[in-house]
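What follows is a set of notes on a single structure, which appears directly below.
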Amino acid sequence: MRNQPGEVLKAALLAGDLAAAEHNIAAEWGNESLYEGRVRLFKADRLREMLISASLVPRAERGVRVISDYLPQNVSRNSQYERIFELERKLGSLPEFAAVARYVQCVAHLAGPMKDMA
């Protein structure tokens, strides 16, 4: 899921757009630059609520792309790949860093019979 706090940091740190960063604090939708469309933004607690309402039990949560999008150009994504990946793996498992990651990945399992989603 696209993490709303991550979109705040992206706007401020990558684009230098403080107005967009402030807007993203409460935004439900963001812009997807890769596909030039809109994407839904979530906070981790809202994702957990959605999973629970679908009869799923959250088991693990990780931050994805905590720092890799913000590294300066002098850090080679090729020669430093393993080091960046290992640091991302460590940071993504820590709740304080996962909270501001660009994405949040949640693993859940079925709690019982599925509720009608209609």
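Computed quantities for the displayed model
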read-out	value
Residue ID - surrounded by the most Cβ atoms within 10 Å (Cβ to Cβ), chosen from residues in segment 54-75 that are modelled with pLDDT of 90 or more and among the hydroxyl-bearing types (Ser, Thr, Tyr)	68
Candidates 43, 10, filtered to the one that is among the basic types (Lys, Arg), free of Cβ contacts under 8 Å to residues at least 60 places away in the same chain and surrounded by 14 or more Cβ atoms within 10 Å (Cβ to Cβ)	43
Failed criterion for residue 29 (all others in (1) out of contact with any helix residue (DSSP H, G or I) (no Cβ under 9 Å at 6 or more places or on another chain); (2) closer than 20 Å to residue 6 by Cα; (3) in contact (Cβ under 8 Å) with a residue 24 or more places away in the chain hold)	(3)
Filtered residues of segment 104-113 (kept if within 18 Å of residue 3 (Cα to Cα) and open to solvent by less than 60 Å² (accessible area, probe 1.4 Å))	104, 106, 108
Segment 11-70: number of residues that are part of a strand (DSSP E or B) and of a type in the set (S, T, N, Q)	1
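The values are calculated or read from the model by the stated rules, or taken from the named source; none is laboratory data. From a predicted model like this one, the values you see are computed outputs, not experimental measurements. Cβ atoms come from the backbone with ideal geometry, glycine included; neighbour counts cover every protein chain shown. Surface areas here come from the heavy atoms of the whole protein model, side chains and all, with no ligands, DNA or RNA. Shrake-Rupley method; radii C 1.70, N 1.55, O 1.52, S 1.80 Å.
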